[in-house]
Amino acid sequence: MKKLSFILLFSMTTIMLFGQKRGEKSEKIEAYRVAFFTQKLDLTADESKAFWPVYNDYQKELRELRKAERQLNRGNYGEMSDQELEEAIEKRFELRQKQLDLEKQYYKKFKAVLPIKKLAKLPRTERAFRSELLKKVKEQRERGN
């Protein structure tokens, strides 16, 4: 019974520590994102206060659409009938259209909280952030951290 309790306690501690490290990394990435976007878009305090809730909602909805697209791409096309393949292709078009519709919907929301010149920089800032983040991850891996 003591061994079982010890194993259970050890397992729970390991899981909690692993989850905490993952959470800390997410928090660091999010803090870096906020600093990066704020600097690149030159957001004022008021703009930042209004921008981040809208941007976070946008990212959440976009993640859901991308998740659906990834699930669709996991299909084994070699084993599908022509009808199933056609349906998969149509579904992919629908998902892309939903992404475009989402961008248009949030464009209006962003336009309400940011000047147009800053809003125009947003797609470039998102790409630059992903690039910088990938670069940092690659550097960390090369250092062995």
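The values are calculated or read from the model by the stated rules, or taken from the named source; none is laboratory data. Computed from a prediction, not measured in an experiment: that's the story for all the values here. Neighbour counts run over all protein chains shown; Cβ positions are idealised from the backbone, glycine included. When the accessible area is computed, the model is the full protein with side chains, heavy atoms only, and any ligands, DNA or RNA have been set aside. Shrake-Rupley method; radii C 1.70, N 1.55, O 1.52, S 1.80 Å.
For trypsin sites (Lys or Arg not before Pro), the sites in the stretch 44-145 that DSSP calls loop and that have at most 13 other Cβ atoms within 10 Å are ARG74.
For ARG124, neighbours were defined as the other residues whose beta-carbon sits under 14 Å from its Cβ, and their charges (Lys and Arg +1, Asp and Glu -1) total +3. Taking N as the residue count of the stretch 99-145, its C-alpha radius of gyration divided by 2.2 N^0.38 Å amounts to 1.62.
Calculated accessible area for the stretch 17-145 comes out at 76 Å² per residue, all protein chains present (probe 1.4 Å; ligands, DNA, RNA ignored).
How would you classify the stretch 34-106 from its alpha-carbon gyration tensor, with a ≥ b ≥ c the square roots of the eigenvalues: rounded for a/c under 1.5, else prolate if a/b is greater than b/c, otherwise oblate? It comes out prolate by the Cα gyration axes. Computed over the stretch 19-145, the P(r) curve from all C-alpha pair distances, binned at 10 Å from the origin, holds 10, 31, 30, 21, 8, 0 percent per bin. With Cβ to Cβ distances under 14 Å as the rule, what net charge do the other residues near GLN99 carry (K, R +1; D, E -1)? Overall, the nearby charge balance is +3.
For the pair GLU139 and ARG66, the difference between a 0.36 nm per residue extended length and the Cα-Cα distance amounts to 23.6 nm.
May I ask you to give the percent of accessible area on the stretch 36-96 that is carbon plus sulfur, with a probe radius of 1.4 Å? Using a 1.4 Å probe with all protein chains present, the stretch 36-96 comes out at 46 percent carbon and sulfur.
What translational diffusion coefficient, to the nearest whole µm²/s, does the stretch 66-122 have by Stokes-Einstein, given a Kirkwood radius computed over alpha-carbon pairs, a temperature of 37 °C and 0.692 mPa s viscosity?
Values: Rh = 13.5 Å.
The calculation lands on 243 µm²/s.
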